[in-house]
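Enquirer: I am attaching a structure below and will ask some questions about it afterwards.
The values are calculated or read from the model by the stated rules, or taken from the named source; none is laboratory data. Since we're looking at a predicted model, the values are computed, not measured. Cβ placement follows ideal geometry from the backbone for every residue including glycine, while neighbour counts extend to all protein chains displayed.
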Amino acid sequence: MATQNSEQLLQTVDSLRNDIGGEFHDRLMESIFTDAGQIADRAVQREGEKTRYDFDRTLDRLLTSRTWGFPLMLLMLMGVFWLTIAGANVPSKMLADLLLGTVYNGLHAAATSLSFPAWLSGFLIDGVYLATAWVIAVMLPPMAIFFPLFTLLEDFGYLPRVAFNLDRLFKRSGAHGKQALTMMMGYGCNAAGVVATRIIDSPRERLIAIITNNFSICNGRWPTLILMGTIFIGATAPPALASFVAAASVVTVAILGVFVTLFVSAFLSRTWLKGEASTFSLELPPYRPPQVLQTLYTSLIDRTMIVLWRAVTMAAPAGAVIWLTSNIYLGDATIAAHMVNLLNPLGLLFGLNGVILVAYIIAIPANEIIIPTILMLTLTLGRNIAGAQSGVMLELDNAQVYTVLTQVGGWTMLTAINLMLFSLLHNPCSTTILTIWQETKNRKWTLVATFLPLVLAFGVTFTTATIAQLLGWA
């Protein structure tokens, strides 16, 4: 059959050539030789010819070299993360002052003037609204900075170079080189990272990328890591080095996430998702100036606002649950207090505590409200030193947070370190879980993507707590 098709093709070409007097053949050959000459002019330096400067080639020698490729990649990504974190501080503070201050007080004033029952205003304002406002204030500014920066790097042509550098590592783990791109997208939002796995054609390798995207630290987890790194780890260093040590601890956790991604990818590719790694033919595009307006539209509308809307729809019911569990009494204690007391022995076994576990359970819809929930539970279940109200999340400065956690909550350095590890490894938020289901339409893999990280988180924290106890550090 193949031979007959080939003969028919040759007959057709000969017929065309005879019909147009060989013009088709001559033009085809001329085009091929012209392209070959242009490629040779760019790639070959003839003897005695003066060396030509090629911007793309010079930059590629640096960005894709075995010596400088990874350090420059790490420096570039750290720069993006630093701009995201540092740049988001001011707008986050402004949004927090507006939504958690002016608007929050205005809503309570309106509820009072309308004679709302205390339970109704508490449920709607202190519960549903406050959680939603926290997510917007914490999540919107970093995403509005990270996604445009990420898209600018993509438009410039740098991200394919990152995939080129990481391709060897992901191929050794049985995954796809493009997983490097989806992993980096996860640093803005894991839900967006899961959607980005559509660029991977192989269903098996796409599943690996979906399941492991959770180990990229999303916007919602950065505040927890930064706070723990600042008030616990950074505080152990001299004042002049405190910020550097704190930043280094956060970067260390992020790098650990990359190694965990490779480890879990290798595990999946050799067990549940066995198969040969597909060939990754990557064409490095030329560098080009980004289209700023299109970048802003793509990153702010198609990515930031869609992901934010998903998070908000999940945060509102989470706020309702937080308020209800903190205000409904069973006997002489609230539901939240019963949950904390029940889970505290288990939490201590993993170097955490019951408050942390409860906060992660009732705040699954949004990682952004983990720290406010922990502070609220710690204060309302202990000595109230900051005027806390049950179910009402509050904002404190770093010194107050350290006082609350250590003096009221009984936290130690082990608690802070294990919280950082747990924050890196624990299950995806409900927005990401919903996205995984929408992308896979498979209950089994949605459950694996949800519970495999959680098993790994408990395993790592248990190991850390056990080692600390054996060494007398706990």
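Enquirer: What helices (runs of 4 or more DSSP H) completely inside the stretch 411-474 contain at least 2 residues that are closer than 19 Å to S265 by Cα, polar (S, T, N, Q) and not assigned by TED's automatic domain parsing to the domain that holds F267?
Expert: On the way: elements: 413-425, 430-440, 443-470.
Per the criteria, 430-440, 443-470.
Enquirer: Now a separate question. Taking T252 as meeting all but one of (1) without any contact (Cβ under 8 Å) to a residue 40 or more places away in the chain; (2) in contact with a Ser or Thr (Cβ under 9 Å, 6 or more places away or on another chain); (3) of a type in the set (S, T, N, Q), write down the number of the exception.
Expert: Tallying (1) without any contact (Cβ under 8 Å) to a residue 40 or more places away in the chain; (2) in contact with a Ser or Thr (Cβ under 9 Å, 6 or more places away or on another chain); (3) of a type in the set (S, T, N, Q), T252 fails exactly one: (2).
Enquirer: Follow-up question, since we're still on this one. Looking only at helices (runs of 4 or more DSSP H) that lie completely in the stretch 92-177, which have at least 3 residues being touching a residue at least 40 places away in the same chain (Cβ under 8 Å) and surrounded by fewer than 21 Cβ atoms within 10 Å (Cβ to Cβ)?
Expert: Values: elements: 104-113, 118-121, 130-156, 159-172.
Correct list: 130-156, 159-172.
Enquirer: Within the stretch 109-124, work out how many residues are within 27 Å of P223 (Cβ to Cβ) and modelled with pLDDT of 90 or more. Can you show your working first?
Expert: Going through the stretch 109-124, the residues within 27 Å of P223 (Cβ to Cβ) turn out to be 122-124.
Then keep just the ones that are modelled with pLDDT of 90 or more; that gives 123-124.
Total satisfying the criteria: 2.
Enquirer: So which of L348, L405 ends up being over 22 Å from A318 (Cα atoms), aliphatic (A, V, I, L, M) and either touching a Phe, Trp or Tyr at 6+ places or on another chain (Cβ under 8 Å) or modelled with pLDDT under 80 (or both)?
Expert: Numbers: L348 fails: either touching a Phe, Trp or Tyr at 6+ places or on another chain (Cβ under 8 Å) or modelled with pLDDT under 80 (or both).
Within the list L348, L405, the selection yields L405.
Enquirer: Taking helices (runs of 4 or more DSSP H) that do not extend beyond the stretch 201-275, which have at least 3 residues that are more than 18 Å from the chain's Cα centre (by Cα) and in the same structural domain as T84 (by TED's automatic domain parsing)?
Expert: Numbers: elements: 203-212, 222-228, 242-270.
Hits in the stretch 201-275: 203-212, 242-270.
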